[in-house]
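What follows is a single structure, written as structure tokens, with notes after it.
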Amino acid sequence: MPVRIQECDFDLSAEVAALRKANRQIGAITVFLGTVRDMNEGSEVQGMTLEHYPGMTEKALEEIVEQAKSRWKIGDALVVHRVGHLLPQDQIVLVVVTSAHRGEAFSACEFIMDYLKTAAPFWKKEQTLDGGRWVDARVSDDAAMARWKK
């Protein structure tokens with residue numbers, strides 16, 4: 001269960017290949033790649049700065065992945081999340097989930113992302129033409145997470 005927080009970019013293909021190589025029983029791989037948008041809430045985004053608490057953030061992500069593993073029969077999961085200053089179209093987050101069958105991988109990947117968006121200790125500040133603003137979780141993010149608590 002690799003979880004990494006890093007400033008440098010990552011290679012999507014290399015990350016998937018490494019996870020896939022670790023288990024030849026994999027029949028499904030689900031990938032979510034999040035990027036910096038150039039527009040948000042009607043404003044042009046010139047950049048974004050992501051902050052976190054080292055150690056605490058990794059532990060929170062590991063717990064989210066462990067919850068996914070306890071709910072679905074998955075082989076493994078990878079979460080790579082970037083911090084620091086990012087520009088529009090830069091990669092922010094990668095979630096990869098492997099399993100024998102696609103249903104388990106899709107559900108676990110969606111669960112991890114829903115919890116990551118609402119429960120992981122990251123702080124995002126967008127730089128726009130109007131100045132900087134902190135980005136909060138959306139109501140839709142909270143609603144997506146709430147459905148897993150049933």
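For the peptides 103-110, 26-33, the ranking by packing is 103-110, 26-33, with the highest mean count of neighbouring Cβ atoms within 10 Å listed first. Each peptide in 7-20, 39-52 receives the mean, over its residues, of other Cβ atoms within 10 Å, and ordering these scores from highest gives 39-52, 7-20. Residues in the chain average 56 Å² of solvent-accessible surface per residue, probe 1.4 Å, ligands and nucleic acids excluded. Give me the tail of P(r) for region 25-150 as a percent: Cα-Cα pairs with distance above 22 Å. Roughly 39 percent, once rounded to a whole number. Got a number for carbon plus sulfur as a percent of region 12-68's accessible area, 1.4 Å probe? Summing carbon and sulfur atoms, their accessible area is 48 percent of the total for region 12-68. Could you tally the net charge around Asp130, taking each other residue with its Cβ under 12 Å from the Cβ of Asp130, Lys/Arg +1 and Asp/Glu -1? Net charge in that neighbourhood comes out at -2.
For the peptides 120-130, 89-99, the ranking by mean Cβ contacts within 10 Å, running from highest to lowest, is 89-99, 120-130.
Spatially close Lys pairs in the chain, defined by Cα atoms under 28 Å apart and a spacing of eight or more places or different chains, total 21.
The values are calculated or read from the model by the stated rules, or taken from the named source; none is laboratory data. Just so you know, these numbers come straight off a predicted model, no measurement behind them. Every residue, glycine among them, receives a Cβ derived from its backbone with ideal geometry; neighbour counts consider all protein chains shown. Surface areas here come from the heavy atoms of the whole protein model, side chains and all, with no ligands, DNA or RNA. Shrake-Rupley method; radii C 1.70, N 1.55, O 1.52, S 1.80 Å.
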